[in-house]
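As structure tokens, the structure follows; a few thoughts come after it.
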Amino acid sequence: MQLTVATNAALSPEFYWKSMLPTTPMPKAITDLLHPDWKEEKETSVDVGNDGVNVGVEKGNQGQGGGTDVNVGGGNGGVIVHTAPKGKPVHVEVGPHSPFDYNYAASQTQLHDDHNVVIFFLEKNLHHGTKLDLHFSQTSNLEATFLPRPVADSIPFSSSKVNDILHRFSIKAGSDEAQVVKNTISECEGPITKGEEKRCVNSLESMVDFATSKLGNNIDAISTRVGKETEWQQYKIAPGVKKLAEKCVVCHKEKYPYAVFYCHKSDSTKAYSVPLEGADGSRAKAVAVCHTDTSNWNPKHLAFQMLKVQPGTLPVCHFLPQDHVVFIPK
């Protein structure tokens, strides 16, 4: 049985953002994940069936020939997103648990990847002149866009429905892609760290609702901005480090066939804006989040093993990838 949901501009994710946060510009991390045909006033029809998700966008009265199709599903053993007419297939990124879920111990893959060292650093080093080897890149699939909330809510998202989810997205059981889906759902269903409030959001509308429920409607949304993509290189913290807030909602992009974010608010989190200068002359304005109380984190978490500190001793910070978002009070 298929479910068809018709949406128009008044119900689009972008319109919902503007209605709830009229004075808050969308950061690039959000606009990159809006389906391009939902950014204009069009009618969108979405079919959700057992074999996948099909999104058709029609402009005016052009009919089927003038639309764009996004098929989430299909493929042979992978999760593929087709964006017609000019998109290309993209596989869901395969990897270990997110380093931003503090209930998990570091995986062997993370421990043996030297680049993970720079994910975390100590707050005392957050000042002009500190040098770090960094690589700012899109960390996940940009074609895994937001689905409108009625569509996202119609798709199961539960460990008890994993087989149904794998079937809907034509993912082969036992494959690396299947493990990615299971990992993400596991993180979303995992325990809450003391002093933390969390929610995995499967739509932009749900993200807005969570952020405003914790911070109110007078908020800003920010993300890391990079002048150009570069390889791993040394960056130096430039003058102008600025503390933005002592309470915030941080939303981390998850690996999944469509846009899902792990959003959480902690009573012991601070957000900073950090200007960076690369060795090649490139510049970035990064968002750093510092956790002042890590006493309830997993003692074998990546941060402790890389920084050689114990839980609850020193504030631990990390830069946010470009596709993560922080909401802060204005």
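The values are calculated or read from the model by the stated rules, or taken from the named source; none is laboratory data. Every value quoted in this text rests on a predicted model; they were computed, and no experiment measured them. Cβ placement follows ideal geometry from the backbone for every residue including glycine, while neighbour counts extend to all protein chains displayed. Accessible surface is based on the protein model in full, side chains and every heavy atom, while ligands, DNA and RNA are left aside. Shrake-Rupley method; radii C 1.70, N 1.55, O 1.52, S 1.80 Å.
Figures for the structure shown
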{"item": "Residues that are of a type in the set (Gly, Ala, Ser) and under 14 Å from the mean Cα position of the chain (by Cα), drawn from the range 159-209", "result": "Ser203, Ser206"}
{"item": "Sole residue being open to solvent by less than 20 Å² (accessible area, probe 1.4 Å) and charged (D, E, K, R), chosen from Glu205, Glu189", "result": "Glu205"}
{"item": "Cβ-Cβ under 9 Å pairs, at least 6 apart or on other chains, the range 183-194 side touching a residue at least 40 places away in the same chain (Cβ under 8 Å), far side among the charged types (D, E, K, R) and open to solvent by 90 Å² or more (accessible area, probe 1.4 Å)", "result": "Cys188/Arg199"}
